[in-house]
Amino acid sequence: METEHFSFTLLHGDSTQLLQTLPDNSIDMIFADPPYFLSNGGISCKNGRMVCVDKGDWDKGGTPEHMYSFNKEWLTICHSKLKNDGAIWISGTYHNIFVVQRCLKELGYKILNYITWQKSDPAPNISCRYFTFSTELIIWARKSEKVPHVFNYDTMKQLNGNKQMTDVWKMPAVGLWEKSCGKHPTQKPLRLLYRIILASSNEGDTILDPFAGSCTTGIAANLLGRNFIGIDQCQDYLNIGLRRRNEIEDPAMAEKILRKMKENPSETMVLVNHTKQDTKKLMIEKGICYLRAGDTKGSLQITPGFERMQYVLLHSGGKDIQIFPLTQKGTFQIWTRETLEQNGFHPEHAPYYIVLHFDNLNELQIDSKINLSQRLNTYRAKIRPLSDFIGVN
Ligand SMILES: C[S@@+](CC[C@H](N)C(=O)[O-])C[C@H]1O[C@@H](n2cnc3c(N)ncnc32)[C@H](O)[C@@H]1O
């Protein structure tokens, strides 16, 4: 993957001042993740511990008047920097998004969609006095009432299993794999930016992020062949961005990140296990499926996607395919070879096995045209999207 042809320009300082230095009508798309103004000493629960949710001084609550004037100012400048067919995406929560919407309307932007990002793994609500907050809103608007905007409709449809993509996007929060170069307290997931950039810009376009933070927008932009301009008032955050940019200089790393970014995290995952006919019968009878875990408990490696797994698909010799929902999504136990033997199985390869329990009463229908050209070793399993299998609902 070649990334060096696409520019990555960082400007350190206050957005409202630095935005003025950009030429008018020069930007194709803007993604902005401005302060939500919600760092007011709130608490949440992380890994079973109570933690303060404050993000930094830049996010401390302003008065309603300040929130309005702040958002109005940067959105005014962005309007003049966008090309006539340009578009802007702004993320927020109820704390700031309605103010942003008001400013957009006053400035003559045309609102195109309100995207709801539904977090598939929200932090629990420890007060138990409200519903758990699990969404963020992203407003998509274009500069002009009259000039059409870019929308790569077909690409979005294709990403969504050939169905029209809706305005609700289910995605997990930012993953550990995205934090290898340092942590930003409000980093956005690359998958979110991948979808936004792919939906509303073209290769070679220039994308601006006036509150760039760790430059998630820039990394997604460059990996997708777009130029990037990012502004942030905090040099430490921009340094994370620079390290992330350096990281994708390595073609293997760029390829890896691009692949993860493209994953559709809301897709149903299945564990495909090729078994011998006898073993398969036994598995169905007992409602369990097992795969090799490693030589010691410590060497167990769970591949990405495992936690999202919902079904087990068993087949032997390309025939008798059966798919079962897991009784508890993504849960498993580790058994020793002895335990498996006590249960009538005869594993050959390792002392420890992952054992999945499924509900053998609920079989799903599966099309007989399933692609079985890929023959796998009996005791290895692959986690694959359900859509890889033709005809499965
Ligand atoms: C919500 S975070 C953006 C995070 C970013 N999307 C990412 O993925 O890392 C907002 C950023 O805006 C920056 N910021 C806040 N007010 C600013 C201002 N007036 N000018 C420039 N940057 C500002 C903060 O330093 C913070 O990094």
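The values are calculated or read from the model by the stated rules, or taken from the named source; none is laboratory data. All of these numbers come straight from a predicted model, not from anything done at the bench. Because the Cβ atoms are built from the backbone with ideal geometry, glycine has one as well, and the counts that use them run over all protein chains shown.
Any residue at all in region 9-31 that is at pLDDT below 70, in the same structural domain as Lys83 (by TED's automatic domain parsing) and surrounded by 11 or more Cβ atoms within 10 Å (Cβ to Cβ)?
We begin by selecting, within region 9-31, every residue at pLDDT below 70; these are none.
No, because not a single residue in region 9-31 is at pLDDT below 70, in the same structural domain as Lys83 (by TED's automatic domain parsing) and surrounded by 11 or more Cβ atoms within 10 Å (Cβ to Cβ).
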Open item on the list: Residue under question is Tyr109, and the condition is that it be surrounded by 17 or more Cβ atoms within 10 Å (Cβ to Cβ), closer than 29 Å to His79 by Cα and of a type in the set (Ser, Thr, Tyr); does it hold?
Closed with: yes
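How many residues does region 204-228 contain that are more than 13 Å from the ligand (Cβ to nearest atom) and surrounded by 24 or more Cβ atoms within 10 Å (Cβ to Cβ)?
Kept after step one, since they are more than 13 Å from the ligand (Cβ to nearest atom), are these residues of region 204-228: 204-206, 222-227.
Next, only the ones that are surrounded by 24 or more Cβ atoms within 10 Å (Cβ to Cβ) stay: 222.
Adding up the residues that qualify gives 1.
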Open item on the list: On the basis of being closer than 19 Å to Val270 by Cα, surrounded by 12 or more Cβ atoms within 10 Å (Cβ to Cβ) and modelled with pLDDT of 70 or more, does His349 make the cut?
Closed with: no
Open item on the list: Within region 174-197, does at least one residue satisfy the condition of being surrounded by fewer than 17 Cβ atoms within 10 Å (Cβ to Cβ) and away from the ligand (no atom under 16 Å from the Cβ)?
Closed with: no
Task: Residue identified as loosely packed, with under 14 Cβ neighbours inside 10 Å and modelled with pLDDT of 85 or more among Gln342, Gln333 - done: Gln342
Open item on the list: Tell me whether region 141-150 contains one or more residues that are at pLDDT 95 or above, under 27 Å from Met253 (Cβ atoms) and surrounded by fewer than 22 Cβ atoms within 10 Å (Cβ to Cβ).
Closed with: no
Open item on the list: Could you list, ordered by first residue, the pairs with Cβ atoms under 9 Å in which the first is in region 98-122 and modelled with pLDDT of 95 or more and the second is of a type in the set (Gly, Ala, Ser) and not in a strand (DSSP E or B), at least 6 apart or interchain?
Closed with: Gly108/Ser144; Tyr109/Ser144; Lys110/Ser144; Leu112/Ser200
- [ ] Could you check, for region 150-158, whether at least one of its residues is under 26 Å from Ile77 (Cα atoms) and within 16 Å of the ligand (Cβ to nearest atom)?
- [x] no
Open item on the list: Of all residues being within 24 Å of the chain's Cα centre (by Cα) and assigned to a strand (DSSP E or B) in region 32-51, which is modelled with the highest pLDDT? Just the residue, please.
Closed with: Ala32
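Answer yes or no as to whether Lys256 is of a type outside the set (Asp, Glu), assigned to a helix (DSSP H, G or I) and in contact with a Pro (Cβ under 8 Å, 6 or more places away or on another chain). Break it down into steps so the answer makes sense when it comes.
Working: of a type outside the set (Asp, Glu): yes; assigned to a helix (DSSP H, G or I): yes; in contact with a Pro (Cβ under 8 Å, 6 or more places away or on another chain): no.
Here the answer is no, as Lys256 does not meet what is asked.
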- [ ] Could you give me the residue pairs with C-beta distances under 7 Å whose first residue belongs to region 11-29 and is within 27 Å of Ala199 (Cα to Cα), whose second residue is more than 9 Å from the ligand (Cβ to nearest atom) and of a type in the set (Ser, Thr, Tyr) wherever it lies, and which are 6+ apart or on separate chains?
- [x] Asp24/Ser80; Ser26/Thr206; Ile27/Thr206; Asp28/Ser201; Asp28/Thr206; Met29/Ser200; Met29/Ser201
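Could you grab me the full set of residues in region 74-98 that are of a type outside the set (S, T, N, Q) and either in contact with a Gly (Cβ under 6 Å, 6 or more places away or on another chain) or closer than 17 Å to Pro23 by Cα (or both)? So that I can check it myself, show each step before the final result.
Filtering region 74-98 for residues of a type outside the set (S, T, N, Q) gives 74-75, 77-79, 81-83, 85-90, 92, 94-95, 97-98.
Of everything in region 74-98, those that are of a type outside the set (S, T, N, Q) and either in contact with a Gly (Cβ under 6 Å, 6 or more places away or on another chain) or closer than 17 Å to Pro23 by Cα (or both) turn out to be Trp74, Leu75, Ile77, Cys78, His79, Lys81, Leu82, Lys83, Asp85, Gly86, Ala87, Ile88.
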